[in-house]
Number of protein chains: 2
Amino acid sequence: MASRRADGPLAVVAMGGHAFMQKGERGTIQEHERNADGVAAVLMALVEREYRLIITHGNGPQVGSLLTQQELAGDEVQPMPLDVLVAMTEGSLGYILQQALLNRLRHHDPPRRVVATVTQVVVDPADPAFDDPTKPIGPFLQRDAAEAKVRDLGWEIREERERGWRRVVPSPLPLEILQHQMIADAAREGHIVIAGGGGGIPVMQEADGRFVGVEGVVDKDLTAAVLASTVGASLLIILTAVPNVYRNFGTAEEEPLRALTLEELERLADEDHFPPGSMGPKVEAVIRFLREGGARALVTDARSLPDALEGRAGTHVVGRI
Amino acid sequence: MASRRADGPLAVVAMGGHAFMQKGERGTIQEHERNADGVAAVLMALVEREYRLIITHGNGPQVGSLLTQQELAGDEVQPMPLDVLVAMTEGSLGYILQQALLNRLRHHDPPRRVVATVTQVVVDPADPAFDDPTKPIGPFLQRDAAEAKVRDLGWEIREERERGWRRVVPSPLPLEILQHQMIADAAREGHIVIAGGGGGIPVMQEADGRFVGVEGVVDKDLTAAVLASTVGASLLIILTAVPNVYRNFGTAEEEPLRALTLEELERLADEDHFPPGSMGPKVEAVIRFLREGGARALVTDARSLPDALEGRAGTHVVGRI
């Protein structure tokens, strides 16, 4: 096939679940499509700059819905393990985002196409996360039902105050994205590639080399960082719910960070400025990418992205030139 | 990325739902994985011949399971339309097949990787299938429940003798595979590409050029034929439940077809040798591919594939040299 290579730099964009479902929404298809269109509109600022793009997205609410459906239909339909459910959301959310992007791109010249890939991410069987599952997933259960799952299925469960019991799964670190070569090739050809949705489908390698699925969840921002390093992206953009990374977040001294070096960010991280459950993993992803040789990273919200690309908003972190 | 192009000819392989779920099975993940491994083992006969491969697969039972789950969990989780469910199965089955293939390929030299793509297939809003929905999907319903769906959701329903009422959806013809270029590029690089699962996610273009999802099902064999023509494959393989296409199928004069020309196959099709619900669409797919310039097509079952590649089994149809 004759195909023209796009000329712009390569960027990896990671976006949270807000790309599909906002707070207070019920998660209808109309809401998913409207939100995806909103994100696609904002990403056009990168397309206009001729960036080649790889997009990673979250899937928390959608995996939760699938787990609830499996629970309620358990007498009639065989439940699938978590790795397969992550794969399902790579299909469904990949499609919804793909369509939203195609529709925003339809008058774009030269034409650009979009492809979502089913992405496996390799994790280490010796990852300490397997000894300490921390990531809550799926519906809240009554104590009896939760204990039956522990007994019958070997789940780990945890009580959340006043809301009931919930399954917890490990969140191991991503080591390698198995489809990185196809992802990089397609992105270099100028196609917009959606990859590593939900952080990727976690798999581990057994002693004989066979890959097996893992019932766990990989952090999507860390997956985006590994992918960005592997494919040689020059820019990692993490879209989150707030316009900046903050020093002293949530205190009277809270202060948005505008631009800083990798070294400055590492020092602030060591001083615990970034809460583990929210901004922590995003900062960790930025640090990981820049340490591996990435040139620039940006953390901001979707609304601020166009201004951030002009250097007037967001938190910019600089690495190697 | 440096990557070596594979040298062999390009083949598109379409396989039915039996690749994941056999008759009498409950559809557990273990069954899915075992069946996928069996198909992957057979496909190694093509890999050993250095074929570049694109694989299309069915998804009937799996979409049925998702519809049943949605029905039973309807009070708690927003149901998704059929196009999104097809996308989910492209994720889940793509992943399961991808993993099975990777595991069979792990000692292969040179290394080959596998990628499943979320594939949209364009259909014509004026396709006559929309006036006559014929494809039954999802669970059997009681009459009252079925009529409520007609009233509330605009479903078309049909009664199946003694089993209850069932939703029927249109099965329009595939016109174009939106991701064909990325699929062809990855296959030419030597990666095994899984694409158009479940026949692809049907979408149509509105007057303003926007793509919208279609609640319908595209025949996977026809999608495979369109894909094979578009990417310039030299071989289309349709794996089905029986080792051959038969003349006078199901009668005392039943006779397996060994090798025939496109013209001979067209004549037999005109004489109604191939039942519409089963072998008909597969023969139609073969005819469509060879008319568009394809060189060869093969219809057989997975078990017979290795022998068929030696010319000792299956039904071979020849087109242009």
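Can you tell me how many residues in region A:248-268 are at negative phi and polar (S, T, N, Q)? Spell out the reasoning first.
Of region A:248-268, the ones at negative phi are A:249, A:251-268.
Filter once more, keeping what is polar (S, T, N, Q): A:251, A:261.
Result for region A:248-268: 2.
In region B:123-145 there is no residue matching the filter, namely being open to solvent by less than 20 Å² (accessible area, probe 1.4 Å), closer than 16 Å to B:Gly198 by Cβ, within 11 Å of chain A (Cβ to nearest Cβ) and among the hydrophobic types (A, V, I, L, M, F, W, C). Inspect all residues belonging to region A:267-283 and state whether any of them is touching a residue at least 40 places away in the same chain (Cβ under 8 Å), open to solvent by less than 10 Å² (accessible area, probe 1.4 Å) and over 24 Å from A:Pro136 (Cβ atoms). Scanning region A:267-283 turns up no residue that is touching a residue at least 40 places away in the same chain (Cβ under 8 Å), open to solvent by less than 10 Å² (accessible area, probe 1.4 Å) and over 24 Å from A:Pro136 (Cβ atoms). In this structure, A:Ala116 does not satisfy being more than 18 Å from the chain's Cα centre (by Cα), open to solvent by less than 10 Å² (accessible area, probe 1.4 Å) and at the interface with chain B (Cβ under 7 Å from one of its Cβ atoms).
Just a yes or no: is a residue in region B:6-18 under 25 Å from B:Pro139 (Cα atoms) and hydrophobic (A, V, I, L, M, F, W, C)? Yes, some residue in region B:6-18 is under 25 Å from B:Pro139 (Cα atoms) and hydrophobic (A, V, I, L, M, F, W, C). Looking across region B:146-165, just one residue is more than 18 Å from B:Asp132 (Cα to Cα), at pLDDT below 90 and in contact with a strand residue (DSSP E or B) (Cβ under 8 Å, 6 or more places away or on another chain), and that is B:Arg163.
Could you check region B:285-321 and list, in sequence order, the residues that are in contact with a Leu (Cβ under 9 Å, 6 or more places away or on another chain) and farther than 21 Å from B:Leu268 by Cβ? If the condition is that a residue be in contact with a Leu (Cβ under 9 Å, 6 or more places away or on another chain) and farther than 21 Å from B:Leu268 by Cβ, then B:Ala302, B:Leu305, B:Leu309 are the ones that fit.
The set of residues in region A:17-30 being in a helix (DSSP H, G or I) and crowded, with 16+ Cβ neighbours inside 10 Å consists of A:Gly17, A:His18, A:Ala19, A:Ile29.
Among the residues of region A:69-88, those identified as in contact (Cβ under 8 Å) with a residue 40 or more places away in the chain and at the interface with chain B (Cβ under 7 Å from one of its Cβ atoms) are A:Pro81, A:Val84, A:Ala87.
Taking the numbered list (1) in contact with a strand residue (DSSP E or B) (Cβ under 7 Å, 6 or more places away or on another chain); (2) open to solvent by less than 20 Å² (accessible area, probe 1.4 Å) in turn, B:Ser92 passes all entries but (1).
Right, B:Thr261: closer than 20 Å to B:Lys220 by Cα, at pLDDT 95 or above and not acidic (Asp, Glu) or not? Before the answer, list the steps.
Values: closer than 20 Å to B:Lys220 by Cα: no; at pLDDT 95 or above: yes; not acidic (Asp, Glu): yes.
Spelling it out, it is not the case that B:Thr261 is closer than 20 Å to B:Lys220 by Cα, at pLDDT 95 or above and not acidic (Asp, Glu).
Applying the condition of being touching a Gly at 6+ places or on another chain (Cβ under 8 Å) and closer than 12 Å to B:Val12 by Cα to region B:184-205 and asking which residue is surrounded by the fewest Cβ atoms within 10 Å (Cβ to Cβ) yields B:Ala184.
Name the residues in region B:193-205 that are on the phi < 0 side of the Ramachandran plot and more than 10 Å from chain A (Cβ to nearest Cβ), would you? Matches in region B:193-205: B:Pro202, B:Met204.
The values are calculated or read from the model by the stated rules, or taken from the named source; none is laboratory data. Everything numeric here is computed off the predicted structure, so don't read it as measured data. Ideal geometry is used to build each Cβ from the backbone, glycine not excepted, and the neighbour counts take in all protein chains shown. Protein only, heavy atoms only, side chains kept; ligands, DNA and RNA dropped before computing areas. Shrake-Rupley method; radii C 1.70, N 1.55, O 1.52, S 1.80 Å.
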